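Engineer: My questions will all concern the structure given below.
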Amino acid sequence: MKNMEAVQFDLSKKSLKHVQLPVPSVTDPKHLLIRVSYAGICGTDLHIIQGEFPCNPDRPLILGHEFSGTVEELGPEVTNFKKGDKVSVDPNIGCEKCNFCHDGNPHFCKKGGINTTIGIYKDGGWADYVVCPESQVHKLPESISLEQAALCEPLSCLSHGWDLASPIKVGKNILITGAGIIGNLWACALHLHGHRRVTISEPNQSRLNNLKKLNLGFDLVTPNQLKERQAEDPEFLFDFIIECSGFPPAIEHCLSLLNQGGKLVIFGVAPPHGRISISPYEIYAKELKIIGVNINPYSYPNSIGMVEAMGDRYLNYDNLGIKVFSLKEYEEAIKALKEGSIAKAIFKM
Ligand SMILES: [Zn+2]
Ligand SMILES: [Zn+2]
């Protein structure tokens, strides 16, 4: 039997390990074996590794829920793919039986949703090979590279957020807080759609500097500069704020920066016990809207369309602050990500 490399997480020890494992076999007729090309490390993975986010407690698990690759082997009942197809995988699966799933909200599913995610509850993409159900696999158009397709999953979450926040009319004043990969992708998506009045706030100066490479012409500031401008000018306000930091004090500050009719999109994942204080009077008087965004229900085809439209202009790894690592370099990758010296780490197999 052929072996493969993988990075496995053991919840009981809260430890990661580079391992050699047998290549998994396709036992379900509706599943297929994918040879992984690129697999991202997501902020959620960092939370999982620190034991702050639930994952499969039963056995050591291969993490990785953002990946692209090619079809290697098909179960006998797989109908839409052939060997060699370039694909990206939607890791989130609903039970398809409950009312949430039937309502088009599989991400609210109590049995499925985030509780069955590939790479969190089932073996994922931090490996040379992964087995996935055909229903979760999306074929990529020729024009998309496997490198860029590793961003389909984060962009599918962004696309869901875009739908929830819409209409996001061109000409509106927009603030993005946090220049990790999600903030950077939001910046690119807004630019792609014609938005030019965009400010990005980020405390880490190296992340802020790296953003210049994207050449978007957006206003780049630190949170302190944001506060200074706010103090100087009471009209320094935003119609949309895309909160990507998940940092409760930053979220609370965002509320004070919203214009009349403003919308705050909560995209960053705050710690579960984080709290902010809020003025109901301001929500009433300004007709403010706070919009939570959780993963990617039925937004995968849209994300593939976005990757295609964004292409090399926006999805260049270096410009986005993405660094590529081998699986063996997992410790280095996680360290760089935690330090914030890079916006994202992606494994190349
Ligand atoms: Zn993720
Ligand atoms: Zn369900």
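Engineer: Spot the failing condition for Phe81; the list is (1) within 29 Å of His18 (Cα to Cα); (2) in contact with a Lys or Arg (Cβ under 8 Å, 6 or more places away or on another chain); (3) not polar (S, T, N, Q), and only one is missed.
Structural biologist: (1)
Engineer: Give the residue, chosen from Thr116, Thr44, Thr79, that is among the β-branched types (Val, Ile, Thr), outside any strand (DSSP E or B) and within 16 Å of ligand 2 (Cβ to nearest atom).
Structural biologist: Thr116
Engineer: Same structure, new question: Looking at Ser326, Ser341, Ser303, which is the one that is of a type in the set (Ser, Thr, Tyr) and without any contact (Cβ under 8 Å) to a residue 40 or more places away in the chain?
Structural biologist: Ser326
Engineer: From Arg59, Arg35, which residue is of a type in the set (D, E, K, R) and within 24 Å of Ala150 (Cα to Cα)?
Structural biologist: Testing whether each residue is of a type in the set (D, E, K, R) and within 24 Å of Ala150 (Cα to Cα) leaves just Arg35.
Engineer: Could you please find all residues in segment 15-31 being surrounded by 16 or more Cβ atoms within 10 Å (Cβ to Cβ) and either at pLDDT below 95 or not aliphatic (A, V, I, L, M) (or both)?
Structural biologist: Within segment 15-31, Pro24, His31 qualify.
Engineer: When you go through Lys122, Lys172 one by one, which is the residue that is in contact (Cβ under 8 Å) with a residue 24 or more places away in the chain, out of contact with any Pro (no Cβ under 9 Å at 6 or more places or on another chain) and over 23 Å from Gly321 (Cα atoms)?
Structural biologist: Result: Lys172 is the single residue among Lys122, Lys172 that is in contact (Cβ under 8 Å) with a residue 24 or more places away in the chain, out of contact with any Pro (no Cβ under 9 Å at 6 or more places or on another chain) and over 23 Å from Gly321 (Cα atoms).
Engineer: Working only within segment 47-76, note down all residues that are crowded, with 16+ Cβ neighbours inside 10 Å, away from ligand 1 (no atom under 14 Å from the Cβ) and part of a loop (DSSP other than H, G, I, E, B).
Structural biologist: Asn56, Pro60, Gly75, listed by residue number.
Engineer: For segment 312-349: of the residues being loosely packed, with under 15 Cβ neighbours inside 10 Å and of a type in the set (Gly, Ala, Ser), which is nearest to Ala127 (Cα to Cα)?
Structural biologist: Within segment 312-349, the match that is nearest to Ala127 (Cα to Cα) is Ser326.
The values are calculated or read from the model by the stated rules, or taken from the named source; none is laboratory data. Here the structure is a predicted model, which is why all the values come from computation and not from measurement. Cβ coordinates were reconstructed from backbone atoms using ideal geometry, including for glycine residues, and neighbour counts include every protein chain displayed.
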